[in-house]
1. Determine if region B:268-279 includes at least one residue that is more than 8 Å from chain A (Cβ to nearest Cβ), surrounded by fewer than 24 Cβ atoms within 10 Å (Cβ to Cβ) and under 30 Å from B:L370 (Cα atoms).
2. Checking B:L398 against (1) within 14 Å of another protein chain (Cβ to nearest Cβ); (2) under 19 Å from B:C158 (Cβ atoms); (3) crowded, with 20+ Cβ neighbours inside 10 Å, which test does it fail?
3. Please count how many residues of region A:48-63 are exposed (fewer than 15 other Cβ atoms within 10 Å of the Cβ) and part of a loop (DSSP other than H, G, I, E, B).
4. Limited to region B:174-216, what total is found for residues that are basic (K, R) and in contact with a strand residue (DSSP E or B) (Cβ under 8 Å, 6 or more places away or on another chain)?
5. Mind checking which residues of region B:310-348 are of a type in the set (A, V, I, L, M, F, W, C) and more than 11 Å from chain A (Cβ to nearest Cβ)?
6. Please verify whether region B:47-63 includes one or more residues that are small (G, A, S) and within 12 Å of chain A (Cβ to nearest Cβ).
7. Among what's in region A:64-75 and is touching a helix residue (DSSP H, G or I) at 6+ places or on another chain (Cβ under 6 Å) and touching a residue at least 40 places away in the same chain (Cβ under 8 Å), pick the residue that is surrounded by the fewest Cβ atoms within 10 Å (Cβ to Cβ).
8. Quick check on my filter: what residues within region A:326-354 are among the small types (G, A, S), touching a residue at least 12 places away in the same chain (Cβ under 8 Å) and under 25 Å from B:C349 (Cβ atoms)?
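The values are calculated or read from the model by the stated rules, or taken from the named source; none is laboratory data. A quick note: this is a predicted structure, and the numbers were derived from the prediction, not measured. For neighbour counting, all protein chains shown are included, and Cβ atoms are generated from backbone atoms with ideal geometry for every residue, glycine included.
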Number of protein chains: 2
Amino acid sequence: MLIPLDRDADTPLYRQIETWLRKAIDADLLAPGTRLPAARVLARDLGLSRITVDAAYAELISEGLLETRGSGGTLVARAISRRRPAGQPTWVSGHPNHAEEQPGIIDFSGGGGDDSLFPFPAFLRGLKTRHREAPSGLLGFPDPAGEWSLRTSIAHICACQGLLLPPEEILITGGSQQVLTLTANALASGGDTVLVEEPTYAKAIALFRALGLKVVGLPCDAQGPVLEQFQGLVEAHRPRFAYLIPNFRNPTGSCMSASRRRRLVALAEGLGLPILEDDYVGGLRYEGQPLPALRTLARPGQVIYTSTFSKLLAPGLCAGFLAAEGPLLERLRTMKGLLGFSSSRVFQCGLADFVGVGSYRNHIRRSARLFRKRRDLMCAALAQHLPAARFTRPTGGLFLWVELPSPCHGATLVAACVREGVRVAFGEDFYVDPLPTTRKFMRLNFAMSPTESIPVGIERLARALRQTR
Amino acid sequence: MLIPLDRDADTPLYRQIETWLRKAIDADLLAPGTRLPAARVLARDLGLSRITVDAAYAELISEGLLETRGSGGTLVARAISRRRPAGQPTWVSGHPNHAEEQPGIIDFSGGGGDDSLFPFPAFLRGLKTRHREAPSGLLGFPDPAGEWSLRTSIAHICACQGLLLPPEEILITGGSQQVLTLTANALASGGDTVLVEEPTYAKAIALFRALGLKVVGLPCDAQGPVLEQFQGLVEAHRPRFAYLIPNFRNPTGSCMSASRRRRLVALAEGLGLPILEDDYVGGLRYEGQPLPALRTLARPGQVIYTSTFSKLLAPGLCAGFLAAEGPLLERLRTMKGLLGFSSSRVFQCGLADFVGVGSYRNHIRRSARLFRKRRDLMCAALAQHLPAARFTRPTGGLFLWVELPSPCHGATLVAACVREGVRVAFGEDFYVDPLPTTRKFMRLNFAMSPTESIPVGIERLARALRQTR
């Protein structure tokens, strides 16, 4: 224990030690029961005589902050009152999705699915088997590209969805956000422009801006990006890449039509514009025909494809992947290693086992059944409690995009929602250039809340909205 | 399953389906035993008549690539010979630390400790208990700052080492490399300069350069950075921050002296230069007195402190932390969330339990005892087999920095080492500006290899060196 001492100060050294220890104990940084070094050892480490340390210890023992054990050890006392309360102070978290801060709140604001469906005990059993079979394999330095077993499993899942991605072209990531960071670093640098659908995933806009990129919004209609404007914007702003979410776009829940996909990819190819395709909920479709990934329509090297397990399994897993080709793949892989985006090998192996043995398909099927039911419940509750709100019933994904009859003030609405015990994502955050008209929208996640709380939550929302008028 | 079809092509549609499936099966992207969609379902998804799909399936069944089950399901055949061999092709990994590629090789080139010491089963047992007690806590969206329980445990560990870091000031990271990325993004942007000790951690130089930063090397003597040059370089290059490794520096294994620490911190303060202090092996000291962290000598806000569990526990855990204060802390935390640096919550909780219950201190003590023994063995083997090599016995950490009597050619040495079955890290990579004289150095990791292989490995190294003369 290296207690910092000022040998030139007027305060005697034993007093400095005593003060430092008292501060550490008071702040709960030395936990009750912590064994302190023997006075002899501490004296040696600090270059002092043992008497100095003994004097400091004696003072704190007399105050009841330290106690001695029979064997002669000195411990931080087990029963002391402290200034800092135990547990996390409520102001620390700050994460918008930590709904547990307010008990009983119903949270429609999140970005994930329902993690209570994830069979965690089975996942742990898999890890145990893995470790028994290859103990050293789990703990060494990770390959920046990711575990081969997980890459193979992902290739199999994608093939079942009609997407041929050889495992060599797959990089494991810690989720979508990492893929955005990697792509932005690989394809652009400060001052460059990136094109995004408007509205789009709020954290994509925030990330690109934090990296010093200009973000240009691409107007969309019900079929997807408006192609006439797409071409004009590309020619005017020369973006380094386009970030697109063709399936159940976050936040609107809408899908790009098949013909729009084909024409968009052809146009982008002609303009030399790379595409980052974020297929964040892949197979989570409740009805209607699946649509081809942009990646299958494009020339090799044109599209970086990414998907994640955070929405489908559990956000706490922090796992996803990207697929790319050729020199760009090499660039992304090198960048991934350097930026420190390697994910825990243990976790990757556990995931590989889980998604490889058919449990994954069952999990998706079960999730889809449940989420469809919740979507229908939420639509019905909206029709009942907010009859003036307009929305399109999404055919998959997690989100309902609701348009209110008139714009409302974000902060006022948020405050009213908190009072009523419900949380929603306000639409404005999803726009590159928010306008007064964009204040009419909100995004509701219908998948993550328990089924029985959905009608209650919508009723609360309706009450909150009445207060803002 | 969305098989891409070209309806304008001359090839009939049933043939296109057949070709796509054959390709997927041949490439092992559809694994043996995978259940294909019923012909009826696939026909509906693709907008075709069922007869078309039946024709394609029938052809592949007759070739033995598909098989039918009693219940009428169609599967990828379980026994087919494939072009791609099972398992990972050897060229895929590419990670320098994956020593398993060459059986029997002795690897002194790595950057980690010995992960076989990590009590993995106990770690898993902890996770299971955690999940039983709070099932939802492990799987939700992670707080970008990290789990409170792990931050508290880290605060306790640091206090025992004389470093008072309140948990509020700690951010959990996926290892040191992430901290370098975060710091570089928070304090600098493309074109700016960063100051590093020379030689230093090779992946720091590579990362800073990949982010578009200029890297300036700071000459060091046996006590640490040469202060006269430090001041001159800061004034000449105006770096945004200095990246320093005061304890057992990677790669040299040397420690900055206490008086040099004090004077360096005071100088940096006067020059307004922030410091990133990388304490990558913290408590892994084998003899001698511990030295104060720069963080304890500096004014609040002057030093970002970071350490990692990758070296002390297992690299595959991908876990570490940083501590900072005030607006810089907020900036790092926001940046962390946006860049996608959240780590798996499950893993953080498991780690919190492990490092919180005293097992960690025992683990460090056991590791230190073993690594000291291995260090002594390696020093003895070097004296015996390479008597002309010069090195200083490090008092902690993982690395021996060996100076050969004359410079040698990197590629030739690496090739000779591979032939002899040993791997070392060539010194040149650790320099900002490699010179012919820097070709005399190599870094040997004495901690990560099994004890009995150390003398054998050094003998092989001596043979390899003889071949390069």
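1. yes
2. With (1) within 14 Å of another protein chain (Cβ to nearest Cβ); (2) under 19 Å from B:C158 (Cβ atoms); (3) crowded, with 20+ Cβ neighbours inside 10 Å applied to B:L398, the lone miss is (2).
3. Matching residues across region A:48-63 total 2.
4. Residues of region B:174-216 that are basic (K, R), as a first pass: B:203, B:209, B:214.
Now narrow it down to the ones that are in contact with a strand residue (DSSP E or B) (Cβ under 8 Å, 6 or more places away or on another chain): B:209, B:214.
Result for region B:174-216: 2.
5. Our first condition is that a residue be of a type in the set (A, V, I, L, M, F, W, C); within region B:310-348, this holds for B:312-314, B:317-319, B:321-324, B:328-329, B:332, B:335, B:338-339, B:341, B:346-347.
Those that are of a type in the set (A, V, I, L, M, F, W, C) and more than 11 Å from chain A (Cβ to nearest Cβ): B:L312, B:F321, B:L322, B:A323, B:A324, B:L328, B:L329, B:L332.
6. Narrowing region B:47-63 to residues small (G, A, S): B:47, B:49, B:55-56, B:58, B:62.
This time we only want the ones that are within 12 Å of chain A (Cβ to nearest Cβ), so: B:47.
Checked region B:47-63: at least one residue is small (G, A, S) and within 12 Å of chain A (Cβ to nearest Cβ).
7. Filtering region A:64-75 down to residues touching a helix residue (DSSP H, G or I) at 6+ places or on another chain (Cβ under 6 Å) leaves A:65-66, A:74.
Adding the requirement that they be touching a residue at least 40 places away in the same chain (Cβ under 8 Å) leaves A:65-66.
On the way: A:L65: 20, A:L66: 23.
Going through the qualifying residues, I end up with A:L65.
8. We begin by selecting, within region A:326-354, every residue among the small types (G, A, S); these are A:326, A:337, A:340, A:342-344, A:350, A:352.
Next cut, touching a residue at least 12 places away in the same chain (Cβ under 8 Å) only: A:326, A:337, A:342-344, A:350, A:352.
Listed by number, the residues that qualify are A:S342, A:S343, A:S344, A:G350, A:A352.
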